[in-house]
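The values are calculated or read from the model by the stated rules, or taken from the named source; none is laboratory data. Quantities reported herein were computed from a predicted structural model and do not represent experimental measurements. FYI the Cβ positions are ideal-geometry reconstructions off the backbone, even for glycines, and counts take in every protein chain you see.
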């Protein structure tokens with residue numbers, strides 16, 4: 001039996017599975033994430049009971065003397081293992097995992113690495129080992145999530161910055177170097193805004209163009225159809241047959 005595929009074309013299946021959603025508080029980020037099929041939330045803001053969807057509260061726990069009792073790093077390892085194994089069993093069957101919010105997860109990983117080394121910041125760990133440990137955990141988390149047979153959604157808050165034209169724009173509040181790690185493994189970046197009583201969603205970055213005919217998950221397709229710019233018009237096929245002149 002060979003591992004090589006047959007040298008023949010096949011129909012392209014191109015369903016986006018990894019999403020980054022950012023926006024102000026109450027702009028509809030979590031509401032949009034809840035619309036994805038069978039979600040489980042990895043929650044960081046202590047508000048896990050506010051969503052109808054099942055959730056897990058992420059946190060670092062300390063002992064009375066201030067040392068680390070339970071690390072978010074260990075907690076995430078256990079969650080990843082269960083998503084890879086127990087999620088296949090009856091009573092689970094989650095199809096989407098939502099990290100709400102990724103900004104806090106990054107901060108808590110930093111905190112855990114510092115506490116494990118009995119220092120206040122990553123910079124206090126000698127020889128850059130604190131930053132190396134953090135990068136390893138964050139990149140490992142993103143890669144493990146991407147490898148799951150699930151939809152993955154990262155939610156972030158916003159910062160306001162001025163662009164080259166002097167206009168104030170909203171950008172993800174996740175640190176740029178961390179955003180690059182996460183966004184580098186995402187298919188679509190969605191910006192949510194509330195304007196008056198309307199909730200507006202727009203695509204601010206994408207891995208490629210996505211076409212309805214190449215998305216094989218009707219649930220994902222219906223969600224994306226409601227977001228301007230997420231689905232592109234179908235490409236027109238050109239007639240390449242030679243035409244006989246009159």
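One line per residue, one yes/no per condition, for (1) more than 20 Å from residue 205 (Cα to Cα); (2) without any contact (Cβ under 8 Å) to a residue 24 or more places away in the chain:
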position: 100; (1), (2): no, no
position: 128; (1), (2): yes, yes
position: 147; (1), (2): yes, yes
position: 168; (1), (2): no, yes
TODO: Mind listing just one residue for me: the one in the range 93-107 that is touching a helix residue (DSSP H, G or I) at 6+ places or on another chain (Cβ under 9 Å) and in a helix (DSSP H, G or I) and, of those, surrounded by the most Cβ atoms within 10 Å (Cβ to Cβ)?
DONE: 102
Open item on the list: Which condition from (1) within 16 Å of residue 40 (Cα to Cα); (2) modelled with pLDDT under 95; (3) surrounded by 14 or more Cβ atoms within 10 Å (Cβ to Cβ) is the one that residue 151 breaks?
Closed with: (2)
TODO: Report yes if some residue within the range 64-76 is part of a helix (DSSP H, G or I), within 17 Å of the chain's Cα centre (by Cα), surrounded by 13 or more Cβ atoms within 10 Å (Cβ to Cβ) and at pLDDT 95 or above; otherwise report no.
DONE: yes
Task: When residues of the range 32-45 are limited to those that are out of contact with any strand residue (DSSP E or B) (no Cβ under 7 Å at 6 or more places or on another chain) and under 24 Å from residue 184 (Cα atoms), the one surrounded by the most Cβ atoms within 10 Å (Cβ to Cβ) - done: 34
TODO: Determine which single condition residue 120 fails, assuming it passes every other condition in (1) touching a helix residue (DSSP H, G or I) at 6+ places or on another chain (Cβ under 9 Å); (2) modelled with pLDDT of 95 or more.
DONE: (2)
- [ ] List every residue pair whose Cβ atoms sit under 7 Å apart, with the two residues 6 or more apart in sequence or on different chains, where the first one lies in the range 39-56 and is over 15 Å from residue 108 (Cα atoms) and the second, anywhere, is modelled with pLDDT under 85.
- [x] 41/48; 41/51; 55/48
Task: Residues of the range 24-57 satisfying the condition of being part of a helix (DSSP H, G or I) and either within 16 Å of the chain's Cα centre (by Cα) or at pLDDT 95 or above (or both) - done: 29, 30, 31, 32, 33, 34
Task: Members of the range 77-92 that are surrounded by 11 or more Cβ atoms within 10 Å (Cβ to Cβ) and outside any helix (DSSP H, G or I) - done: 92
